[in-house]
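Q: Got a structure for you, written out below as structure tokens; questions coming shortly.
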């Protein structure tokens, strides 16, 4: 019995040892982990579609990039977004936007989001933009374009995304314009130094305008460089021509103040360096000359932009 017991113990030891050797041996190549799947696919050399992960807040996320032939001195990328579940993919190839981009030495990104709660960039839609930009700039061997700061212009849901992105990545945003995007709320003040403009339709749903005005007013009480303007007679789906025109003027003024050659670091704009607009009378004043409570006024970059702000509301 003693010999049998020793024999059994020896067999068990040998079996255990073999299992250890098997565990430590390299796996056959057929069992090695495969390369991670691509995060999306190219629609063409300059457009990319990001695959949603199960936890992402979008079903479709597509992005198209346009840049001039010489990207050496580009100052920023203008992100163009449209309304809920509608596409701005292709806006980057619009001649009007390209003419503006050439004037200001910037690039363009057209965006198409669909499905889910994509207006909140924290939920995955923000990363999708960065993933697509990285993929497109890598394919076209212009990695320096990836690091450029963003100008955010959005209509309706696209405007909400633009506003929310400035909360998520305030260090990356030169300025934002939210056109008739009322689905916003007052948030933390991290982006108070990011110049923002809310453009409201006079005949849009009242709750949209009320929310946008409330957010601006709250931001102004903490010294934020934000403002709003109301377009007379405009409904939610009225023409965007006047709003796009004012947005361009706003961005042009802010670019000169926020962006310096040779760096992607953005300059803060002192609140008292600008002008103020009275939201009731539409009169404009140098900040130091404003006769009423400055916290209740729209912040304006300068007198010239103030004139455009007045004309928009006539």
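Q: Out of curiosity, is residue 269 out of contact with any strand residue (DSSP E or B) (no Cβ under 7 Å at 6 or more places or on another chain) and buried (at least 17 other Cβ atoms within 10 Å of the Cβ)?
A: Numbers: out of contact with any strand residue (DSSP E or B) (no Cβ under 7 Å at 6 or more places or on another chain): yes; buried (at least 17 other Cβ atoms within 10 Å of the Cβ): yes.
Criteria met by residue 269.
Q: Please work out which residue is farthest from the chain's Cα centre (by Cα), limiting yourself to the stretch 77-95 and to residues that are farther than 17 Å from residue 156 by Cβ and in contact (Cβ under 8 Å) with a residue 24 or more places away in the chain.
A: Within the stretch 77-95, the match that is farthest from the chain's Cα centre (by Cα) is 93.
Q: Using the structure shown, decide if residue 74 is farther than 18 Å from residue 39 by Cβ, within 12 Å of the chain's Cα centre (by Cα) and not in a helix (DSSP H, G or I).
A: Details: farther than 18 Å from residue 39 by Cβ: yes; within 12 Å of the chain's Cα centre (by Cα): no; not in a helix (DSSP H, G or I): yes.
No: the conditions fail for residue 74.
Q: Which residues, counting only those in the stretch 48-71, are part of a loop (DSSP other than H, G, I, E, B) and either in contact with a helix residue (DSSP H, G or I) (Cβ under 9 Å, 6 or more places away or on another chain) or free of Cβ contacts under 8 Å to residues at least 24 places away in the same chain (or both)?
A: At the first step, the residues of the stretch 48-71 found to be part of a loop (DSSP other than H, G, I, E, B) are 51-59, 67-71.
51, 52, 54, 55, 56, 57, 58, 67, 68, 69, 70, 71, listed by residue number.
Q: Select from the stretch 186-197 the residues that are farther than 17 Å from residue 152 by Cβ and assigned to a loop (DSSP other than H, G, I, E, B) and list them in ascending order. Spell out how you get there, then give the answer.
A: Let us first name the residues in the stretch 186-197 that are farther than 17 Å from residue 152 by Cβ, namely 186, 188-189.
Across the stretch 186-197, the qualifying residues are 186, 188.
Q: Hey, any hits in the stretch 49-57 for a residue that's closer than 30 Å to residue 262 by Cβ, surrounded by 10 or more Cβ atoms within 10 Å (Cβ to Cβ), at pLDDT 95 or above and in contact with a strand residue (DSSP E or B) (Cβ under 6 Å, 6 or more places away or on another chain)? It would help to see each step written out before you state the result.
A: So the first thing to find is which residues in the stretch 49-57 are closer than 30 Å to residue 262 by Cβ, and the list is none.
The answer is no; no qualifying residue exists.
Q: Next up: Please go through the stretch 157-185 and give me each residue that is in a helix (DSSP H, G or I) and either out of contact with any strand residue (DSSP E or B) (no Cβ under 8 Å at 6 or more places or on another chain) or closer than 26 Å to residue 263 by Cβ (or both), ordered by number.
A: Pass one, the stretch 157-185, residues in a helix (DSSP H, G or I): 157-168, 170-172.
If the condition is that a residue be in a helix (DSSP H, G or I) and either out of contact with any strand residue (DSSP E or B) (no Cβ under 8 Å at 6 or more places or on another chain) or closer than 26 Å to residue 263 by Cβ (or both), then 162, 163, 164, 165, 166, 167, 168, 170, 171, 172 are the ones that fit.
Q: Would the stretch 126-139 turn up any residue that is at pLDDT below 95, touching a helix residue (DSSP H, G or I) at 6+ places or on another chain (Cβ under 9 Å), surrounded by 16 or more Cβ atoms within 10 Å (Cβ to Cβ) and assigned to a helix (DSSP H, G or I)? Give the steps one after another, and end with the answer.
A: In the first step, residues of the stretch 126-139 are kept if they are at pLDDT below 95; the result is none.
No, because not a single residue in the stretch 126-139 is at pLDDT below 95, touching a helix residue (DSSP H, G or I) at 6+ places or on another chain (Cβ under 9 Å), surrounded by 16 or more Cβ atoms within 10 Å (Cβ to Cβ) and assigned to a helix (DSSP H, G or I).
Q: Does the stretch 240-258 contain any residue that is more than 20 Å from residue 152 (Cα to Cα), in a helix (DSSP H, G or I) and either free of Cβ contacts under 8 Å to residues at least 12 places away in the same chain or out of contact with any helix residue (DSSP H, G or I) (no Cβ under 8 Å at 6 or more places or on another chain) (or both)? Show your work before the answer.
A: Step one: list which residues in the stretch 240-258 are more than 20 Å from residue 152 (Cα to Cα), which gives none.
No, the conditions are met nowhere in the stretch 240-258.
Q: If we keep just the residues of the stretch 232-243 that are under 24 Å from the mean Cα position of the chain (by Cα) and within 20 Å of residue 282 (Cα to Cα), which is surrounded by the most Cβ atoms within 10 Å (Cβ to Cβ)?
A: In this case the residue turns out to be 243.
Q: While we're on this one: Got at least one residue in the stretch 225-234 being assigned to a loop (DSSP other than H, G, I, E, B), within 15 Å of residue 81 (Cβ to Cβ), touching a residue at least 60 places away in the same chain (Cβ under 8 Å) and touching a strand residue (DSSP E or B) at 6+ places or on another chain (Cβ under 8 Å)? First the steps, then the outcome.
A: Our first condition is that a residue be assigned to a loop (DSSP other than H, G, I, E, B); within the stretch 225-234, this holds for 225, 232-234.
Checking which are within 15 Å of residue 81 (Cβ to Cβ) leaves us with none.
So far as the stretch 225-234 goes, no, none of its residues is assigned to a loop (DSSP other than H, G, I, E, B), within 15 Å of residue 81 (Cβ to Cβ), touching a residue at least 60 places away in the same chain (Cβ under 8 Å) and touching a strand residue (DSSP E or B) at 6+ places or on another chain (Cβ under 8 Å).
Q: Ok, one more. Among the residues of the stretch 273-292, count how many are more than 20 Å from residue 210 (Cα to Cα) and either out of contact with any helix residue (DSSP H, G or I) (no Cβ under 8 Å at 6 or more places or on another chain) or surrounded by 13 or more Cβ atoms within 10 Å (Cβ to Cβ) (or both). So that I can check it myself, show each step before the final result.
A: Going through the stretch 273-292, the residues more than 20 Å from residue 210 (Cα to Cα) turn out to be 273-276, 283-292.
From what's left, either out of contact with any helix residue (DSSP H, G or I) (no Cβ under 8 Å at 6 or more places or on another chain) or surrounded by 13 or more Cβ atoms within 10 Å (Cβ to Cβ) (or both): 273-276, 283-287, 289-292.
The number of residues fulfilling the criteria is 13.
Q: Can you name the condition, by its number, that residue 200 falls short on among (1) outside any strand (DSSP E or B); (2) at pLDDT 95 or above; (3) farther than 17 Å from residue 305 by Cβ?
A: Checking residue 200 against (1) outside any strand (DSSP E or B); (2) at pLDDT 95 or above; (3) farther than 17 Å from residue 305 by Cβ, the one that fails is (1).
Q: What number of residues in the stretch 98-108 are under 22 Å from residue 126 (Cβ atoms) and in contact with a helix residue (DSSP H, G or I) (Cβ under 6 Å, 6 or more places away or on another chain)? Steps first, answer last, please.
A: Looking only at the stretch 98-108, we keep the residues that are under 22 Å from residue 126 (Cβ atoms), and these are 106-108.
If we keep only those that are in contact with a helix residue (DSSP H, G or I) (Cβ under 6 Å, 6 or more places away or on another chain) as well, we get 108.
Within the stretch 98-108, residues that are under 22 Å from residue 126 (Cβ atoms) and in contact with a helix residue (DSSP H, G or I) (Cβ under 6 Å, 6 or more places away or on another chain) number 1.
Q: Now, a different point. Quick one: in the stretch 181-192, which of the residues that are buried (at least 18 other Cβ atoms within 10 Å of the Cβ) and within 20 Å of residue 271 (Cα to Cα) is farthest from the chain's Cα centre (by Cα)?
A: 192
The values are calculated or read from the model by the stated rules, or taken from the named source; none is laboratory data. Since this is a predicted model, take the numbers as computed values, not measurements. Cβ coordinates were reconstructed from backbone atoms using ideal geometry, including for glycine residues, and neighbour counts include every protein chain displayed.
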